[in-house]
Each structure stands twice: as structure tokens, then as C-alpha cells.
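This report refers to the structure that appears directly beneath it.
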Amino acid sequence: MAICVHEKKLSGFELLDALTHEKASEFHVEINDRFYPMDKLPKLNPASSYTVQWGHSKETQGYDDKYIKYYRYSRIQEFIAENKSEFIKRGYRVEIIGKSVKGRNLYSVFPSSFSSEKKTVLMYGRHHGDEGTANWIIEGFIGKLLSSNDFFNRFQLILYPMVNPDGAEARKRYNSRGRDLNRVWNSSPSRSKDEVAIIQTHLKKIYLDNNEKPIIALDMHGSFTRDFIYRVERNFRDQNFYNLQQNFIDELGSRDKWQAGAYDLSNGDPQMARIYLVRDFAINALTHETPRDISNRGERTIDTLKSQGVDVFESILSLY
Ligand SMILES: [Zn+2]
């Protein structure tokens, strides 16, 4: 299966046993919402059950010599600066809505005033710091959007382009406190954590509190191996909802030759952004996955990633 990380539950007893095996050094173990590497584990309770993740990006010297250029925090700052005036011309606000744990900017782009006549598109990027390709796709999406009067006539956008800037800078999945930010969305935002608490509170205040619903929500991620979309299983909601999700997957698949209609069914973790939106608001929320580390010696480049963002954009315009 194609996934964004390997994850399973192990008992404390199994984990203590695993400590004697070599492979255990790759494990991160969740204790009170934080993931710890095996050599920095607090005391385990043999009778408790723990979530374990593995398969993270390896530390690589000279990443950009081997892979498509890594998308750093400094690049999102540049990108925001480059496009801010264009968004403001279109009646948008481009704001720093708060700071990461280590003091980096959390950006949001959203309309100065929402119109109930327009359909809303919600997009997040980079819950996971080491999934840089997602941000190149967002750049392609935004580049196309800013040149489209049709979009601004019919749609409005809410964007949180980099949820985890500290993880992005460290090229680590987790935030600087070891949290998996796509496992800390809570139905009550006062109980969600760190960067997500700031973003979720902002989203609720500007939009979700008004009982409005985006036509689609896309959470942009990077996988191990292939391009695909995560959607919920048929039984999570009803058949209409299932079809709604499938329609977008099919439309995107007809444009994006890498994505090519691939999807994985997953009812996920209850504290994922996608699951929060589907469960609590019946929003058509999908996770978009593209390989996070793509060799720079093949067919794919920053430009082909951006063109995948254009494909996302055109799928939305054509479907809704
Ligand atoms: Zn991810």
C-alpha cells in the first residue's frame, strides 16, 4: 500500500522486546501526543498500547543534488512576498495568523469578505515537514489561480500553505515538540495542539462558525512511493458522499498522468485534518499525495510538480 508513513499499534511489552532488534532504531513512539525516537523514550508501560510510526525520510547530505530541490521555509516566505500584492488586488488578505513553536510564520490567504454566492476551496499544505513536494504543487495551483478571472468570479480560496514550518526547516515529519500535526486536530479547537490550534481556531472564526462549507478541501502531502488520493471508505458517510469524493479523483486522474486516478481508502485517524472535516462538517476533504523525495535525474521536475497543481486547479473549475 502507498502511504505517507508506516503506523501500527504495539504494546509496551512488544516495544520493549523490539528494543533488542536493530530495526527498532527507526521507530518513533507516541506518548501523550508526542513522538519520541527509540533512544529517547520515556518509561514504557508493558500493559499499555502505543502508536508507532516508521519509514521517515533519512537524513541525507546534499539532498538537492539527488532529489528535486527541497522546499524550505524561506521559499514559502518568498512565495508569499511575491504574490501578496496580487492577492490584495483580488480582495484577499495575506496574513501571518500566528507563530510556530519556534517562532516561524504561519501564513493564511483568505478573502477580506466571504460571498455566499461563491464556492469555497480550502487547501492546506505541509502538515508533515519532510514532504516538500506538496508545496511545489501548491505553487503551481496558486500561479494558475492568480491568472484566472473565472476562479475569482465563481470561487473563493482559504489557504494555509505551510502548517509545520519548523518541521519543514528540519526536514522532519513532526513539529519541534515531536507532534504529528496531522494527528492533533480536535473537534474542540481549544484541545488541538501547537500550530494546528492556531490554524483551526482561525479557520473556525473566519469561516466554519458561519455554517458555510467549502465545496472541496485538499490537504497536500508527500508519500513514499506514488501519487494517489486518500478518501474515506464507503461506509464512513453515505453513497452520495462517496461519489462526491470519487468524482474529484476521476477528474484529476483524467488530467494528471502521475496521479492517474489512484486512491487509497482510509478512515484515518480521528484527529487528522481530513477526518475532522469529513466527520464534523461533511466536507468533501481529500488528502493529495505525491512522492516526497523525487529523483532529479528522471522525468519529473519542479515544473511537472507545478503542472500537477494546475491539474488540481482545472479539475476544480471543471467539476464545480
Ligand atoms: Zn503527510
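The values are calculated or read from the model by the stated rules, or taken from the named source; none is laboratory data. Because the structure is predicted, anything quoted here is derived from the model rather than measured. Cβ coordinates were reconstructed from backbone atoms using ideal geometry, including for glycine residues, and neighbour counts include every protein chain displayed.
On the basis of being within 14 Å of the ligand (Cβ to nearest atom) and either assigned to a loop (DSSP other than H, G, I, E, B) or at pLDDT 95 or above (or both), does Arg237 make the cut? No: the conditions fail for Arg237. Filtering Lys257, Lys213, Lys204 for residues that are modelled with pLDDT of 95 or more and not assigned by TED's automatic domain parsing to the domain that holds Arg34 leaves a single hit, Lys257. Taking region 267-303 as the region of interest, how many residues are part of a loop (DSSP other than H, G, I, E, B) and either within 12 Å of the ligand (Cβ to nearest atom) or out of contact with any Leu (no Cβ under 9 Å at 6 or more places or on another chain) (or both)? Matching residues across region 267-303 total 15. A single member of Ser112, Ser116 is within 14 Å of Phe152 (Cα to Cα), at pLDDT below 95, surrounded by fewer than 19 Cβ atoms within 10 Å (Cβ to Cβ) and in the same structural domain as Thr301 (by TED's automatic domain parsing), and it is Ser116.
Results for (1) closer than 30 Å to Tyr160 by Cβ; (2) of a type outside the set (Val, Ile, Thr); (3) part of a loop (DSSP other than H, G, I, E, B), shown as yes or no for each residue.
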residue	(1), (2), (3)
Lys8	yes, yes, no
Phe13	no, yes, no
Tyr36	yes, yes, no
Pro42	no, yes, yes
Ala47	no, yes, yes
Ser74	yes, yes, no
Gly98	yes, yes, no
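How many residues are touching a residue at least 40 places away in the same chain (Cβ under 8 Å), more than 22 Å from Met272 (Cα to Cα) and not in a strand (DSSP E or B) when one looks only at region 100-123? Number satisfying all stated conditions: 5. Applying the criterion of at least 3 residues that are within 13 Å of the ligand (Cβ to nearest atom) and surrounded by 17 or more Cβ atoms within 10 Å (Cβ to Cβ) to the helices (runs of 4 or more DSSP H) found wholly in region 132-233 leaves 133-145. Among the conditions (1) more than 16 Å from the ligand (Cβ to nearest atom); (2) in contact (Cβ under 8 Å) with a residue 60 or more places away in the chain, Pro37 misses just one, which is (2).
Pairs are defined by a Cβ separation below 6 Å, a sequence spacing of at least 6 or placement on different chains, a first member in region 124-145 that is of a type in the set (Lys, Arg), and a second member that is within 11 Å of the ligand (Cβ to nearest atom); the pairs so defined are Arg126/Ala134; Arg126/Val163; Arg126/Asn164.
Scanning region 58-99 for residues that are polar (S, T, N, Q) and either within 22 Å of Thr290 (Cβ to Cβ) or in contact (Cβ under 8 Å) with a residue 12 or more places away in the chain (or both) yields a count of 4. Filtering region 56-74 to residues that are at pLDDT below 95 and small (Gly, Ala, Ser) leaves Ser57, Gly62. The single residue among Gln53, Gln77 that is at pLDDT below 95 and surrounded by 14 or more Cβ atoms within 10 Å (Cβ to Cβ) turns out to be Gln53. Modelled with pLDDT under 85, surrounded by 11 or more Cβ atoms within 10 Å (Cβ to Cβ) and over 23 Å from the mean Cα position of the chain (by Cα): is that true of Ala2 in this structure? So Ala2 fails the test.
Residue count for region 116-167 under the criterion of being more than 12 Å from the chain's Cα centre (by Cα) and closer than 20 Å to Gly55 by Cα: the result is 2.
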